[in-house]
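The structure appears right after this line, and notes come after that.
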Amino acid sequence: MGLLRNVRRLATPENIAKAKGAVAKNADKITDTVGKATTAIDGRTGGKYRDKLDTVEDTVARNLDKAKDEGDDPRPTDPER
């Protein structure tokens, strides 16, 4: 319960907006890092999980695009969240 309580306390609209802004600014670095990680995992597993790793890369890319769109404005969009 303590961890969840701390997460809820820190998940203010202002902090969420800051995080989205940071993600938007560093999307290329995040994409590169995920790509390196999935390549390393794929190499060590002999391609056994390539389909799962492709899904991870696609999901990250999709969410980064969404975060970039939302991260352009550093102000919180919904103060009730």
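What follows draws every value from the coordinates through simple rules; no lab data is involved. Just so you know, these numbers come straight off a predicted model, no measurement behind them.
Could you point to the label whose value was computed as Rg/Rh (Cα atoms, Kirkwood Rh) for the structure here, given (i) 1.24; (ii) 1.11; (iii) 1.08?
Read-out from the structure maps to (ii).
Could you count how many Lys pairs in the chain have their Cα atoms under 18 Å apart, skipping same-chain pairs fewer than 8 positions apart?
Counting lysine pairs in the chain gives 12.
In percent, how large is the relative contact order of the chain, given Cα pairs closer than 8 Å and 6 or more residues apart? Don't skip to the answer; put the middle values down first.
Working: 55 pairs, mean separation 44.6, N = 81.
Relative contact order for the chain comes out at 55 percent.
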